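Input: a single structure, listed below in structure tokens.
Where a number appears in this text, it was derived from the coordinates with a stated rule and is not lab data. All figures in this text were calculated on a predicted structure; none of them were measured in a lab. Here the Cβ is made from the backbone with ideal geometry for all residues, glycine too, and neighbour counts use every protein chain on show.
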Amino acid sequence: MKLMSLVNLINQAFRFVIQTSQEYNIDESHALKHSLEVFNYANNIYDDEVNKFPYLKDQREIISLSAIVHDMCDKKYLDENNGIINIKNHMTGYLPDHELEVVSKIIQTMSYSKVKENGFPDLGEYQHAYHIVREADLLAAYDLDRCIIYRMMRHKYNYTDSLNESKDLFENRILNYRRDNLFVTNYSKNKSALLHKKALVDLEKLDAILKIIH
């Protein structure tokens, strides 16, 4: 893997995120800021894992692209199959076709709901790359404001309704990530423990806000 090819891929991928978000009205909870956060977490996990699994060096472009564009086929905003086609069309020439197919498989099977329903897919030699991207997205989900933004922007809820629904989501889903053994890498296990503690504090503050509002 050449450094310049990775740089070009990353730049093209973020351009694609901006363009797609504008075209399909993807709000900021799933657009550029979220892509950046997941990309950064994926890099952190990669850096922690690559010495133990040197073959990941040959998969960094797959990991990077998957992390950046993973929500650009989210069925909440557009047809999933059309989103995958758009990704392949825009990234042709930046990755070989067979690696673009791996990216497609990763982002179509990494969501919390699909993992809960179907378990982890078998992606063979790309299994660890899959977990890196999937865990990066889970770590980025420990963001209470992101939950609130999604409900206000996508569902047009008012602030207090968004607060209440976000609180329920955290208590019934996100705070169960660790109990459900969704993290397999050491970085994510350690980072999620810190984020879990912060989320508990954030929820206490949220309860205080709700009491004032009500």
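Largest first and in whole Å, give the semi-axes of the chain's equivalent ellipsoid, each being the square root of 5 times a Cα gyration tensor eigenvalue.
30, 21, 14
Quick one: work out Rg over Rh on the C-alpha atoms of the range 1-110, Rh as Kirkwood radius.
0.95
On a straight-distance basis, which lysines could pair with LYS116 in a cross-link, Cα separation under 20 angstrom, same-chain partners fewer than 8 positions away excluded?
LYS75, LYS76, LYS105, LYS189
For ASN158 and TYR55 in one chain, what is 0.36 nm times their gap in residues minus the Cα-Cα distance, to one decimal in nm?
32.3 nm
Have a look at THR160, ASN25, ASN43 and report the one farthest towards the positive end of the charge dipole of the range 1-213, computed about the Cα centre with Cβ charges (Lys/Arg +1, Asp/Glu -1).
Among THR160, ASN25, ASN43, the one farthest towards the positive end of the dipole of the range 1-213 is THR160.
Whole Å is fine, so just give me how far the alpha carbon centre of the range 76-128 lies from that of the range 162-205.
25 Å
Quick one: compute a quarter of the convex hull surface over the Cα atoms of the range 60-133 and quote it in nm².
4.7 nm²
What distance in nm lies between label points placed 7 Å from Cα along the C-beta direction at LYS105 and GLU80?
According to this spin-label approximation, the distance is 1.6 nm.
State the extension gain, in nm to one decimal, for the chain segment bounded by ILE18 and ASP145, taking 0.36 nm per residue of separation less the distance between their alpha-carbons.
Result for the pair: 43.6 nm of gain on full extension.
How compact is the range 139-191 by the rule of thumb for globular proteins, expressed as Cα Rg over 2.2 N^0.38 Å?
1.29
What's the FRET efficiency of ASN40 with VAL184 using the Cβ-Cβ distance as r and R₀ = 30 Å, to the nearest 0.05?
With R0 = 30 Å, the Cβ-Cβ based efficiency is 0.95.
Go through 185-193, 203-211 and give me the packing order, highest mean Cβ count within 10 Å leading.
185-193, 203-211
Would you kindly state how much longer the chain becomes between LYS197 and VAL7 on full extension, computed as 0.36 nm times their sequence separation minus their alpha carbon distance, in nm to one decimal?
64.9 nm
Can you run phi through the Karplus equation (6.51, -1.76, 1.60; θ = phi - 60°) for the range 8-16 and list ³J(HN,Hα) in whole Hz, with x for Gly and Pro?
Each residue of the range 8-16 in turn: 5, 4, 4, 4, 5, 5, 5, 4, 5 Hz.
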